[in-house]
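Below is one structure, written out as C-alpha cells; the observations come after it.
Readers should treat all values here as calculations from the given coordinates under stated rules, not as data from a laboratory. What you see is a predicted model, and the numbers here were worked out from it, not measured in a lab. We place every Cβ from the backbone using ideal geometry, glycine too, and count neighbours over all the protein chains shown.
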Amino acid sequence: MRCETAPSAPPPPAGPPPRFTQFVVKLHSRCNFGCPDCYVYEHRDDGWSTQPLVMGPTVMSRLSGRITEHLRRHRPPRAQVILHGGEPLLAPPATLEHFARRLRADCRGLATRIDLLVQTNASRLDHAFLEVFHRYGIRVGVSTDGTPESHDRRRPDRAGRGTHAEVTRALELLRTPRYRPLYGGLLCVVDITADPVATYEALLAHEPPTVDLLLPHATWQFPPPRSPDAPAAPYGRWLAAVFDRWFDAPRRETSVRLFDSLLDLHLGGTSSSEMWGPYGSDVVVIQPSGLIEYNDILKTVSAGAARSVLHIGAHDFDRAAADPGFAAERAGLAGLCAQCRSCPVVDICGGGLRAHRHHPDNGFDNPSCYCADLRFLIDHVRGRLTDGVTALRARLAGGGWSA
Ligand code: SF4
Ligand code: SF4
C-alpha cells in the first residue's frame, strides 16, 4: 500500500519487557482510490475483504482500554496512535471523533505523551473532519505522489480518474491558518520513472513540514519495478538526486525524514525513520474487527504473512508483544542475515525493512532486495557529509569564521 503509516521508529529500550509505541488503527477496511500497486488491495493478501467496513464502537472502546493499560504499564515517554485504513476518512467524522474522544479520556494522566495522527489520501478531507482533528489534536499525514502526472497515473480513483486536483484542494485547506498546526506532512512513494527533482519540488509546493519518501514495497520474489536497461541501484540514484537538491538548498525548505535520519545516524545519533538503523520495529496493527496483526508491510510478502492469532477481545498488548511474530519484527541486528551482519554500513542500514528481505527459499534470512540502492545512498550521503566537514575544517583553519 502506498498510503501507509509515515514510518517513525524511536529506538526501543534495551532489554525486556517488550512493548509497543506505535498503534496503527485500521478504522476503515476499504478505499475509494484504486492505486495499481497498493499492497493492501493489489498484492498478495486479501484479508481486507473479510473485515467489517468500519471499526464499531465496542471494538473502539476495547482498543482504547488496551492501549491505555499497555502505556500505563510501560510508561514510554511517547507513543503514536495512527488512524488508518484503507482510507480512514471513508468513516464519517463522528466515528473518528468517537474514537479520539474515548482515547484522549482514557489516556488522561498517563506519563506517556500520545501523538494522534491520521494518514489519508485526503480526497474526503474537509472542514467537518478538520474541526474534529482540531478539537482532539489529530495531525494529518497526506499521501501524494509528486507531480500531477505521476500522482494521477499512480493514484487514480476507483473509476480511473486522476486525483491530484482534489488532493491539492484538500492540502490548500489544511494549510489555512486555523488548520496549519495539524499538518503532519506528506508521504510519497518513489517512482523512478518520474524526475526526482521535479517530484521533490512538486511536493515542496504543498509547503509540507515533513516529507516521507518510501520505497515501493517489494521482496526478492516480487522485486521492485525497474526497467531492464536501468543503471545499477536506480532507487539509490533517484534518492541521491533528491538528497542533493534538499541538502544544497540555500535554506531548509522542509524535513525529509529519510535524509535527516541518515545524517543523524552518521553523526552518532538515532533514526526517526523505520527505514534506517538497527532497531527493528515496534508497530502493532489493529483491524476493524479487533484482530491484532504484524506490520502491514508484510502483506507484500504473502497472504497471511501479517496475521497473528491474537485479538484485542482476548489478548492484551503485553501478550501480543511476547508473540514470536512480533519478536521477529523487533529483532534488529540479531534478526539479520550473515551478509548484513558483516556489512560495514549495517549500523546505519539495518538491513532495510524486514519485508524487503523476504525470499521464498529462506524467509527473511537475506539482505534487502534494495541492498544496492541502500548502499548507494548511504555512501553518497557519507561522501557529501565528509566533503562538508572537510570544507568546514579548512575554513576554520584558514580563519574564515571566528569561533
Ligand atoms: S489511496 Fe487507497 S488504494 Fe491507494 S495506496 Fe492508499 S489505501 Fe491503497
Ligand atoms: S541490506 Fe545490504 S547495505 Fe544493508 S546492511 Fe544488508 S548488506 Fe549492508
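About its Cα centre, the dipole of the chain is roughly 1140 debye, where the only charges are +1 on Lys and Arg Cβ and -1 on Asp and Glu Cβ. By the beta-carbon count within 10 Å of each Cβ, the least crowded to most crowded order of Thr68, Thr386, Thr168, fewest first, is Thr386, Thr168, Thr68.
Ellipsoid semi-axes for segment 22-330, based on the Cα gyration tensor and the rule √(5λ), read 30, 23, 21 Å when sorted largest first. Between the amide H of Gln22 and those of Gln80, Val284, distances stay under 5 Å, these residues lying 5 or more places away or on another chain, with hydrogens modeled in the peptide plane. Taking amide H atoms as placed 1.01 Å from N in the peptide plane, the amide H of Val256 lies under 5 Å from those of Val211, each 5 or more residues away in sequence or on another chain. Computed from the C-beta positions of Ala159 and Ser227, the FRET efficiency with R₀ = 30 Å rounds to 0.55.
Taking other Cβ atoms within 10 Å as a rough exposure proxy, Leu392, Leu267, Leu215 sort from fewest to most as Leu267, Leu392, Leu215. In percent, rounded to a whole number, the relative contact order of segment 328-403 is 23, using alpha-carbon pairs under 8 Å and six or more apart. Stretching Arg113 away from Asn362 to a fully extended chain increases their span by 85.7 nm, per 0.36 nm per residue minus the current alpha-carbon distance. Counting beta carbons within 10 Å around each of Tyr279, Tyr294 and listing the fewest first gives the order Tyr279, Tyr294. Using the Karplus relation 6.51 cos²θ - 1.76 cosθ + 1.60 with θ = phi - 60°, the per-residue 3J(HN,Hα) values for segment 346-351 come to 4, 5, 9, 6, x, x Hz, with x marking Gly and Pro.
Between Thr176 and Arg104, the simple label model (points 7 Å from Cα in the Cβ direction) yields a spacing of 2.0 nm.
Take every Cα pair under 8 Å whose residues are at least 6 apart in sequence, average their separation, divide by the length of segment 22-330, and the relative contact order is 22 percent.
For the chain, find the longest principal axis of its Cα atoms and tell me its angle to the long axis of helix 371-397, 0 to 90°, nearest 10. Tilt relative to the chain: about 60 degrees. Here the 3J(HN,Hα) profile of segment 360-369, calculated from phi with Karplus coefficients 6.51, -1.76 and 1.60 at θ = phi - 60°, is x, 6, 9, x, 9, 7, 8, x, 5, 5 Hz, Gly and Pro shown as x. Counted over the chain, the DSSP beta bridges are approximately 20% antiparallel. Compared with the dominant principal axis of the Cα atoms in the chain, helix 257-266 is inclined by about 60°.
Across segment 50-58, rounded Karplus estimates of 3J(HN,Hα) from the backbone phi angles (6.51 cos²θ - 1.76 cosθ + 1.60, θ = phi - 60°) give 9, 8, x, 4, 10, 5, x, x, 5 Hz, Gly and Pro being marked x.
Report, to the nearest 10°, how far helix 234-247 tilts away from the longest principal axis of the Cα atoms in the chain, using its own Cα long axis and a range of 0 to 90°. That works out to roughly 80 degrees.
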